[in-house]
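Report on the following structure.
Derivation of every value follows stated rules applied to the coordinates shown; laboratory data play no part. The shown structure was predicted, so the numbers you read here are calculated from the model rather than taken from an experiment. Please note: Cβ atoms are built from the backbone with ideal geometry, for glycine as well, and neighbour counts cover all protein chains shown.
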Amino acid sequence: MQQPVVQQPVVQQPVMTAPAPPQAATAPPPPAQPTTVADYTGLPPGGQYDTSTGQTIYVQTDGIRWQMMPDGSFNRLG
């Protein structure tokens, strides 16, 4: 004869979640801006060109300056 099977009540186990990793005290640095762009299309929008010195300088709205090179590329100054 078979033994009667006694069913145990199902007990829900609490779901354990891993604690969130601690936040860094400082924000990560912003991505580095390029120091050279191939041509004017790589410059940030909104700036103005300054040719008063005989060279072509692109001045961004925040004051960062880019010098145009003979090949048409621009190098960030400063």
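One table, with the values for the structure above:
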| read-out | value |
| --- | --- |
| Qualifying positions in the range 57-73 - more than 22 Å from the chain's Cα centre (by Cα) and part of a strand (DSSP E or B) | ILE57, TYR58, VAL59, GLN67, MET68 |
| Boolean, TYR49 is surrounded by 10 or more Cβ atoms within 10 Å (Cβ to Cβ), in contact with a Phe, Trp or Tyr (Cβ under 9 Å, 6 or more places away or on another chain) and without any contact (Cβ under 8 Å) to a residue 12 or more places away in the chain | yes |
